[in-house]
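Step one of this worksheet: look at the structure below.
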Amino acid sequence: MRIATIIRHCKSPAMVVATMFICFQVQVQAQYYEPGYLRYQDHVYADHIQTVLLHREGWELSNPWLEMGSQDQLRLSFDDLRAGVINYKYRYIHCNANWQPSDLLPADYLEGFYEDDIITYLPSYNTIQDYTHYTVVFPSERMAPKLSGNYLLIVYEATDPDHPVITLRFMIFESLVNIQGRVHAATDINERDYRQEIDFRIEQGGYIIEQPYRDMQVILLQNERWDNAITNLKPLMVRDRILDFNLDFGNVFDGGNEFRHFDIKSLRFNSDRIAQITDPSGVFEVILHPDIRRPFQVYTRLQDINGRRFIRNDNGSDSRVEAEYVRVHFTLPYEAPIAHGDIFVFGALTQWQFLPSAKMQYDFTRRAYRTSLYLKQGYYNYMYMLVEEGKTMGDQGFIEGNHEETENDYVIMVYNRETGSRYDRLIGLKQLNSLKDR
């Protein structure tokens, strides 16, 4: 039935308004699932785009943020499995602290051009899967942000600028305030064994935050996850130009567990987590050993890279174009399917998103959850995440367990909307580690 027809059957103005609001929500939700709908988050819109990486130049395991005025740059790279050469372009959108577009024009936050070409590309070499590897390093003399804050990087084909193929978050921060913090077991005695608390303070120094309870936003991240980010924290007190966030609740994360791993840097032998490597039809199939649930296991210290990935082919000279693509099979034995949610493989290998391809399907014959991912050779971390029906935040404790001792990275980001300003300035950023910063 058409919207106009539904409205004609409404018996009061209030019903008309309510109906129009519901129809608008349905339309927005429907648009969200369209392939070209612009998402203000890390997202890959095309199946032929793989291995999207964004990090500081020279350090593949670093985070996508830069200090304002530094000479550092970010490196974006990705593979197009269609091979050949496509003319890709990229641009930035300045966002507020909540990752919505700022009330700014491109001229307000950019120097130089408003878009630029990705001109560096290489064809794959000596691989079964053909692909073209694209790279761009930015900011550059042609286009550079001139304001701090959140930015959304958008990559698209030059012939189709309205349909992105990649969106990625990155941040430009200023060191206008001093952030001091530490990570410790939760203050609440009932949570002390399995949750981690981040206490910190913001020293204003020479920078004045006029209305901290109104104009300032503080966001906490655990590792590189955005699904469980803590937002809108307010200071416990303000004294002597120091904002105290020594809170007892609201600044606490589940500790989780150390990430699982597998190593496919070489396909000539089985590493510790690999049961079998086969090449039945021209595509390498890597079968991992079945995993086990860990919620009730005693915590064990394991070296991990906190969910990240490291692309490498040990048997080639240039991993960018000589690393092969393989299909990696995951198996999680489970007596019966879970009724209240879905299990996902999660980490940098899924862009820290709950991807449909990473959703595990229950195999009644094997009594196990199973899925597979098409991945480039390298070293990978991952975990299993439960997403309950109707929720957007994952629960790592259901399969992996939660421990106060787990080693995690945390980031504190401080934004301020100055009086008369139209954007959220990122005035401070601090990284903490649950082992080093106790």
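The values are calculated or read from the model by the stated rules, or taken from the named source; none is laboratory data. Just so it is clear, the structure is predicted and the values come from calculations on it, not from any experiment. FYI the Cβ positions are ideal-geometry reconstructions off the backbone, even for glycines, and counts take in every protein chain you see. For accessibility, only protein heavy atoms count, side chains too; no ligands or nucleic acids. Shrake-Rupley method; radii C 1.70, N 1.55, O 1.52, S 1.80 Å.
Over segment 309-385, what is the mean sequence separation of C-alpha contacts under 8 Å (at least six apart), divided by residue count, expressed as relative contact order in percent?
With pairs under 8 Å counted, the relative contact order is 43 percent.
With all protein chains present, how much of the accessible area of segment 245-285 (probe radius 1.4 Å) comes from carbon and sulfur, to the nearest whole percent?
Using a 1.4 Å probe with all protein chains present, segment 245-285 comes out at 50 percent carbon and sulfur.
How many nm is it between the label spots at E60 and D188, if each spot is 7 Å from the Cα in line with the beta carbon?
Spacing of the two 7 Å Cα→Cβ label points: 4.0 nm.
Looking at segment 355-403, which trypsin sites (Lys or Arg not before Pro) are in a loop (DSSP not H, G, I, E or B) and have at most 14 other Cβ atoms within 10 Å?
R366, R367, K391
In whole Å, what are the extents of segment 293-377 along the principal axes defined by its C-alpha atoms, from largest to smallest?
46, 30, 23
Please compute, for the alpha-carbon atoms of segment 210-263, the extent along each of the three principal axes and give them in descending order in Å.
Projected onto the principal axes, the Cα atoms of segment 210-263 cover 51, 20, 16 Å.
Counting Lys and Arg as +1 and Asp and Glu as -1, what is the net charge of the other residues whose Cβ lies under 10 Å from the Cβ of R75?
Summing Lys/Arg as +1 and Asp/Glu as -1 gives -1.
Give the accessible surface of segment 53-117 per residue, rounded to a whole number of Å², with probe radius 1.4 Å and ligands, DNA and RNA excluded.
Each residue of segment 53-117 exposes 48 Å² on average to a 1.4 Å probe.
If contacts are Cα pairs under 8 angstrom and at least 6 residues apart, what is the relative contact order of the chain in percent?
The value is 16 percent.
If one puts a single equal scatterer on every Cα of segment 206-359 and applies the Debye formula without solvent, what log₁₀ I(q)/I(0) results at q = 0.09 Å⁻¹?
Values returned for q = 0.09 Å⁻¹ are -0.49.
Magnitude of the Cβ-charge dipole of segment 90-207, K/R +1 and D/E -1, about the Cα centre, nearest 20 debye?
340
Mind telling me which of F344, F173, F138 comes out most flexible in a GNM of the chain, alpha-carbon contacts under 10 Å?
Most flexible of the set in this elastic network: F138.
If segment 340-390 were replaced by its equivalent ellipsoid, with semi-axes equal to the square roots of 5 times the Cα gyration tensor eigenvalues, what would those be, largest first, whole Å?
Semi-axes from the Cα gyration tensor: 20, 15, 8 Å.
Just grab the label-to-label distance for V238 and D363, each label 7 Å out from Cα along the Cβ direction, in nm (one decimal).
In this crude label model, V238 to D363 measures out at 5.8 nm.
Cα atoms only: what Rg and Dmax, in Å, come out for segment 142-282?
22.1, 69
Using a Förster distance of 25 angstrom, determine the FRET efficiency expected from the C-beta separation of A336 and Q276, and round it to 0.05.
Step by step, r from the Cβ atoms, then E = 0.40.
Per residue, how large is the accessible surface of segment 172-285? Use a 1.4 angstrom probe and give square angstrom.
Averaged over the residues of segment 172-285, the accessible area is 47 Å².
Determine the sum of side-chain charges near K89: Lys and Arg each +1, Asp and Glu each -1, restricted to other residues whose C-beta is under 9 angstrom from that of K89.
Net charge in that neighbourhood comes out at -3.
Of all accessible surface on segment 126-187 at a 1.4 Å probe, what whole percent is carbon and sulfur?
Solvent-exposed carbon and sulfur of segment 126-187 make up 44 percent of the total.
Under Stokes-Einstein, with the Kirkwood radius over Cα pairs standing in for Rh, what whole-number D in µm²/s applies to the chain at 20 °C and 1.002 mPa s?
Roughly 90 µm²/s, to the nearest whole number.
Please give the per residue accessible area of segment 290-346, computed with a probe of 1.4 Å over protein heavy atoms only, in Å².
Each residue of segment 290-346 exposes 49 Å² on average to a 1.4 Å probe.
Antiparallel DSSP bridges in segment 272-361: what percent, to the nearest 5?
Approximately 55 percent, going by the DSSP bridge assignments.
Work out the FRET efficiency for R214 and A144 from their Cβ-Cβ distance, taking R0 = 35 Å, and round it to the nearest 0.05.
The value I calculate is 0.65.
In debye to the nearest 20, how big a dipole does the chain give about its Cα centre with +1 on each Lys and Arg Cβ and -1 on each Asp and Glu Cβ?
So the dipole magnitude of the chain works out to roughly 700 debye.
Where Rh denotes the Kirkwood radius from the mean inverse Cα pair distance, what is Rg over Rh for segment 295-438?
We get a ratio of 1.05 for segment 295-438.
Looking only at S372, S175, S148, which one moves most when the chain is put into a Gaussian network model with springs between Cα atoms under 10 Å?
Among S372, S175, S148, the largest mean-square fluctuation in the Gaussian network model of the chain belongs to S175.
Rounded to the nearest 20 Debye, what is the dipole magnitude of segment 331-383 about its Cα centre when Lys and Arg each give +1 and Asp and Glu each give -1 at the C-beta?
It comes to approximately 140 debye.
Extending each Cα 7 Å along its Cβ direction at L435 and E405, get the distance between those two points in nm, one decimal.
Computed distance between label sites L435 and E405 equals 1.2 nm.
GNM on the chain, C-alpha springs below 10 Å: top fluctuator among I412, I189, I93?
Among I412, I189, I93, the largest mean-square fluctuation in the Gaussian network model of the chain belongs to I189.
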